[in-house]
Amino acid sequence: MNIPVLTLNTGKIIPAIGYGTARVNDGELETALDFALKAGYRYIDTAYYYQNEKVIGKVLNEWITQGKLRREDLFIVTKLPPFGNYPEGVVKYLKQSLKNLQVNYVDLYLINIPFGIKDVETVPHPALTGGPVEWDLKTDHLSIWKEMEKQMNSGLTKSIGLSNFNKAQIEMVLQHCSIKPSCLQIELHAYLQQNELVDFCKKNDIIVMAYSPLGSRSVTSGNAKQGLRKTNKPLDEVLRIFNMLCLSKYLIFRVDLPDVLSNPMIQKIAKKHSKTEAQIVLRFDVQRGVIPIPKSSNEGRMKENIDIFDFELDEEDLTDLKLLDDGTRFLDFKDAEGIEDLPEYPFAN
Ligand SMILES: NC(=O)c1ccc[n+]([C@@H]2O[C@H](COP(=O)([O-])OP(=O)(O)OC[C@H]3O[C@@H](n4cnc5c(N)ncnc54)[C@H](OP(=O)(O)O)[C@@H]3O)[C@@H](O)[C@H]2O)c1
């Protein structure tokens, strides 16, 4: 399948859709990634925090050594973990990611979240195993960004960018950087369209990537636990929740949040185009110049999600879809007591 590409402000090209790997079960990831590559995905989205880079590296290496792919055909994205949010942490964790992924460079390295957790010598970091952790109240975006630029100049990453940063935080980086961020990865779906941020990024030549583009279905639908966001949770608890949201080991259900794909308006538009609801919302991203990175462990749904380049939403569809934007955010970290008082907490409003 021929996937359209976009050009980053570094001049590098990036596929118009990516494959999200968070929360693919450990045992499933090898097979799932194999399916994803067969289906045509070339942008693979991971993070040090997901603890799945080694499996991804193994599969990609097999494809390359068997001559089925060249390294330059891939667009590999990984992210600096929150406990790497200090200047020396950048090269430390980037090098570990490169080793895990069995590559000499990644195509894009992102700062995963704007707030930091104190780093420790223990491996793996206790944030990954539910151990005690401490906020780092001195997270300094500008000194971290300088190190990001250094790693790009040294060739360990071809482009650099941000994730979960708000407009003011991005502006600050833009005002002081030598190399502009190429991308911003944020939660973005039909209920959280992020118009202001998307427009701001367009003006500044930053490409937006939509995480949870289907509304993070595994987290928001189902029949189990409810009310996680209603109690004040200490930091360890929010990290446990963050792990559940980001890692493959756990699965939680939040029936208190709406399911994007069951929306009657989206269902109506899907019927009109003889497409699925998932294809409609992913196509909506593409037509906005946003790169969606849906996750699926299912071969059929992976194929479905990438098969969105043979039809177009018309003006009426776009107008209807725009009406669905009600600001529902699924990942806001608000379960941690006091998190909103952190200086770098990005979702203050
Ligand atoms: N930068 C960040 O902080 C951040 C945060 C969260 C996520 N991410 C990235 O974004 C990626 C995607 O986000 P996400 O996993 O939260 O949510 P998502 O892609 O919106 O939703 C994934 C869920 O939707 C289901 N699904 C996939 N295709 C479907 C289809 N065609 N029809 C119906 N259901 C479908 C999947 O189930 P099946 O697997 O059973 O198909 C899975 O339960 C992650 O994997 C990760 O790479 C980044």
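The values are calculated or read from the model by the stated rules, or taken from the named source; none is laboratory data. Since this is a predicted model, take the numbers as computed values, not measurements. FYI the Cβ positions are ideal-geometry reconstructions off the backbone, even for glycines, and counts take in every protein chain you see. Areas reflect the complete protein model, heavy atoms only, side chains present, ligands, DNA and RNA absent. Shrake-Rupley method; radii C 1.70, N 1.55, O 1.52, S 1.80 Å.
Closer than 18 Å to ILE76 by Cα and touching a Cys at 6+ places or on another chain (Cβ under 6 Å) - does that describe any residue in the range 156-164? For the range 156-164, residues closer than 18 Å to ILE76 by Cα and touching a Cys at 6+ places or on another chain (Cβ under 6 Å): present. Can you say whether TYR191 is modelled with pLDDT of 60 or more, among the aromatic types (Phe, Trp, Tyr) and within 10 Å of the ligand (Cβ to nearest atom), as far as the supplied structure shows? So TYR191 fails the test.
Here ASN9 passes the criteria (1) at pLDDT 95 or above; (2) within 12 Å of the ligand (Cβ to nearest atom); (3) open to solvent by 20 Å² or more (accessible area, probe 1.4 Å) except the one numbered (2). Here the range 145-165 is the region considered, the condition is being of a type outside the set (S, T, N, Q) and within 16 Å of the ligand (Cβ to nearest atom), and the residue that is farthest from the chain's Cα centre (by Cα) is MET148. Within the option set VAL77, VAL55, being within 15 Å of the ligand (Cβ to nearest atom), surrounded by 21 or more Cβ atoms within 10 Å (Cβ to Cβ) and part of a helix (DSSP H, G or I) holds for one residue only, VAL55. Does ASN305 satisfy being modelled with pLDDT under 95 and either open to solvent by 10 Å² or more (accessible area, probe 1.4 Å) or under 28 Å from ASN195 (Cβ atoms) (or both)? No; evaluated as a whole, the condition is false for this residue. Away from the ligand (no atom under 11 Å from the Cβ), closer than 26 Å to LEU33 by Cβ and touching a residue at least 40 places away in the same chain (Cβ under 8 Å) - does that describe any residue in the range 304-313? Checked the range 304-313: at least one residue is away from the ligand (no atom under 11 Å from the Cβ), closer than 26 Å to LEU33 by Cβ and touching a residue at least 40 places away in the same chain (Cβ under 8 Å). Screening LYS272 with (1) touching a helix residue (DSSP H, G or I) at 6+ places or on another chain (Cβ under 9 Å); (2) at pLDDT 95 or above; (3) at positive phi; (4) not β-branched (Val, Ile, Thr) gives one miss only, at (3). Based on this model, can you work out whether GLY131 counts as away from the ligand (no atom under 14 Å from the Cβ), in a loop (DSSP other than H, G, I, E, B) and under 20 Å from ILE44 (Cβ atoms)? So GLY131 does not fit the description; no.
Is it true that GLY27 is more than 20 Å from the chain's Cα centre (by Cα), open to solvent by 10 Å² or more (accessible area, probe 1.4 Å), small (Gly, Ala, Ser) and within 15 Å of the ligand (Cβ to nearest atom)? Spelling it out, GLY27 is indeed more than 20 Å from the chain's Cα centre (by Cα), open to solvent by 10 Å² or more (accessible area, probe 1.4 Å), small (Gly, Ala, Ser) and within 15 Å of the ligand (Cβ to nearest atom). Which residue, of ASP314, ASP236, ASP310, ASP256, is out of contact with any helix residue (DSSP H, G or I) (no Cβ under 8 Å at 6 or more places or on another chain), of a type outside the set (A, V, I, L, M, F, W, C), modelled with pLDDT under 95 and open to solvent by 40 Å² or more (accessible area, probe 1.4 Å)? Of the residues listed, the single one that is out of contact with any helix residue (DSSP H, G or I) (no Cβ under 8 Å at 6 or more places or on another chain), of a type outside the set (A, V, I, L, M, F, W, C), modelled with pLDDT under 95 and open to solvent by 40 Å² or more (accessible area, probe 1.4 Å) is ASP236.
Residues checked against (1) away from the ligand (no atom under 13 Å from the Cβ); (2) of a type in the set (Val, Ile, Thr):
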residue: THR21; (1), (2): no, yes
residue: LEU33; (1), (2): no, no
residue: LEU37; (1), (2): yes, no
residue: GLY40; (1), (2): yes, no
residue: TYR43; (1), (2): no, no
residue: TYR48; (1), (2): no, no
residue: ASN61; (1), (2): yes, no
residue: PHE83; (1), (2): yes, no
residue: LYS92; (1), (2): yes, no
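Just wondering, is there one or more residues in the range 327-345 that are of a type in the set (Val, Ile, Thr) and buried (at least 19 other Cβ atoms within 10 Å of the Cβ)? The answer is no, given that none of the residues of the range 327-345 is of a type in the set (Val, Ile, Thr) and buried (at least 19 other Cβ atoms within 10 Å of the Cβ). A search for C-beta distances below 7 Å between a residue of the range 130-151 that is free of Cβ contacts under 8 Å to residues at least 60 places away in the same chain and closer than 15 Å to SER182 by Cα and any residue that is of a type in the set (S, T, N, Q) and open to solvent by 20 Å² or more (accessible area, probe 1.4 Å), counting only pairs 6+ apart in sequence or on different chains, returns GLU149/SER178.
Residues that are within 16 Å of the ligand (Cβ to nearest atom), out of contact with any Lys or Arg (no Cβ under 9 Å at 6 or more places or on another chain) and touching a residue at least 40 places away in the same chain (Cβ under 8 Å) within the range 166-186 comprise ASN166, GLN169, CYS183, listed in sequence order. Given the criterion polar (S, T, N, Q) and touching a Pro at 6+ places or on another chain (Cβ under 8 Å), identify the matching residue among THR78, THR139, THR129. It is THR139.
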